[in-house]
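Taking it in order: structure first as structure tokens, then the write-up.
Please treat every number below as a calculation from the coordinates, not as lab data. In this text, all values refer to a predicted model and were calculated from it rather than measured experimentally. A quick note on method: Cβ atoms are made from the backbone with ideal geometry, for glycine too, and the neighbour counts reach across all protein chains shown.
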Amino acid sequence: MTPEILAIIMFLTTLLFLLFGFPVAFTLAGSSLIFAFVGDLLGVFNFKMLLFFPQRIYGVMINEALVAVPLFIFMGVMLEKTKIAAKLLESIGDLFGSVRGGLGIGVVLVGMLLAASTGIVGATVVTMGMLALPSMLKAGYDEKIATGTICASGTLGQIIPPSIVLILLAEMLQGANEEAGLLTGDLAPLPVTAIDLFAGALIPGLMLVGFFVTYILIVARVRPEDLPIKKTDKSKSEIWRNAIFEVIPPIFLILAVLGSIFLGIATPTESASVGAAGAALLALLRRDLNIKNISEAAITTVKMSSFVFIILIGASMFSLVFRGFQGDEMISNFLTNIPGGEYGALIIVMITIFILGFFLDYIEIIFVIIPLVGPGLIANGADPLWLGILISLNLQTSFLTPPFGFSLFFLRGVAPENVKTSNIYRGVIPFIFIQIIAIVLVFAFPQIATWLPRLIN
């Protein structure tokens, strides 16, 4: 048996176990060790390659860029635990509630702001599901429109910086970029950083916000009975006063975080520290900073961060063994020989990621798929920055695609019992098509993703 065949069997076996719901980190590491042992017995794998594994773990431990992950998680969790996000949602909802479809527009805009301040899809969807959905249903909104808008708006945390996904994706793409350099003979490729992906994702993210708002306005025009005007007892002065006091501080925090990154004042890790401290300061000013909220935010941060990093370690083992079976060369040759060259290979990979998004979590796709296909695509001529934005948009869509779209599960968990699950699934379909349109536009016009990073560099 050839090493390439074992590499394929290992990949398919790992994918099968992931589909059955086995823990990601242990599946990646466990299947890798088993196949490494089998390969050594068959004489197609050198078991001594595993001696390089401690160095890989050490590389993860000393990677300063990854420190931003727990800091941004803490920032988002603190904003959610101290009800800052909830008050933001209420204020903007009241501000746009007097316009037909305005409550839906308010949900999209709040999703954008929460995405830029938390970067956590689950927290955003749950917060808006608990607060906005009852208000939308009470106002007479169609269930499909209401649930679809909330689910789609919550996924903006995937693409609008600062995004944890973009940080992890930057790390994987940088490794793929270096391996591509070895394949092409370029020993000093231009680095792919989180700053580049943050800048590249900003315009596509805002573009998606515009598409979502446009869709809501069109539906309000075509089917006005599905998006009625929200009635409120609050005066206009009260609404504006609440909006100013509740919206400006989070926006200031977002500008401080992103501005420090884009202006080169701070690294993503340093700006994440600013964001975490700023979130705690906002909570203090609102008198919501107490031991209970701090401890809950800290515990949640540790759990989520540990989850990410242990998967990263398992993925490192998987990629090491896969390379030992010469799987990286096999995939690179396959992508090179696909008809259509660079674009043909990229289309095949994007379709594959889209399909895998029906069943797998975005973290699994980032840590398993990207190291396999990234080097071949980049060596084939794909701009790593452009590739990263396309993949992040694709991964964002995976939160909405049935049967395992996580946004659907998050909303189902907090939605009233009378809301039909079928309506939640049907409600996201238009937004899935909108996101596919965004992917096609970025694919056809790479400048959408590359213009801003090139400008600030």
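Summary table
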{"item": "Of Lys138/Lys292; Lys138/Lys420; Lys234/Lys420; Lys83/Lys420; Lys81/Lys420, pairs whose Cα-Cα distance is over 23 Å", "result": "Lys138/Lys292; Lys234/Lys420; Lys83/Lys420; Lys81/Lys420"}
{"item": "Loop sites in region 270-311: trypsin sites (Lys or Arg not before Pro), DSSP, at most 16 other Cβ within 10 Å", "result": "Arg286, Arg287"}
{"item": "Environment charge of Asn293, counting only residues whose C-beta is closer than 13 Å and scoring Lys/Arg +1, Asp/Glu -1", "result": "+2"}
{"item": "For the chain, calculated [θ]222 nm from helices alone, where every DSSP H run of n ≥ 4 adds -39500 (n - 2.57)", "result": "-25000 deg cm²/dmol"}
{"item": "Farthest positive-ward along the chain dipole, Cα basis, beta-carbon charges - from Val121, Ser31, Gly102", "result": "Gly102"}
{"item": "Per-peptide average of other Cβ atoms within 10 Å, ordering 357-367, 208-218, 240-250 highest first", "result": "357-367, 208-218, 240-250"}
{"item": "Cα-based equivalent ellipsoid, region 66-456: semi-axes from gyration tensor eigenvalues, Å", "result": "36, 24, 19"}
{"item": "For region 261-395, diffusion coefficient by Stokes-Einstein and Kirkwood Rh (Cα), 10 °C, 1.306 mPa s, µm²/s", "result": "89"}
{"item": "Of Thr214, Ile265, Ile244, farthest towards positive along the dipole that unit charges on Lys, Arg, Asp, Glu beta carbons give region 209-275", "result": "Thr214"}
{"item": "Peptide ranges 378-384, 40-46 listed from the most packed, as the mean C-beta count within 10 angstrom indicates", "result": "378-384, 40-46"}
{"item": "Relative contact order (%) - criterion: Cα under 8 Å, at least six apart; region: region 66-456", "result": "28"}
{"item": "Span-like helix ranges in the chain, DSSP H, alpha carbon extent 20 angstrom or more, Kyte mean at least -1.0", "result": "3-19, 24-42, 102-118, 121-138, 164-184, 194-222, 236-262, 268-285, 291-324, 341-356, 384-398, 421-444"}
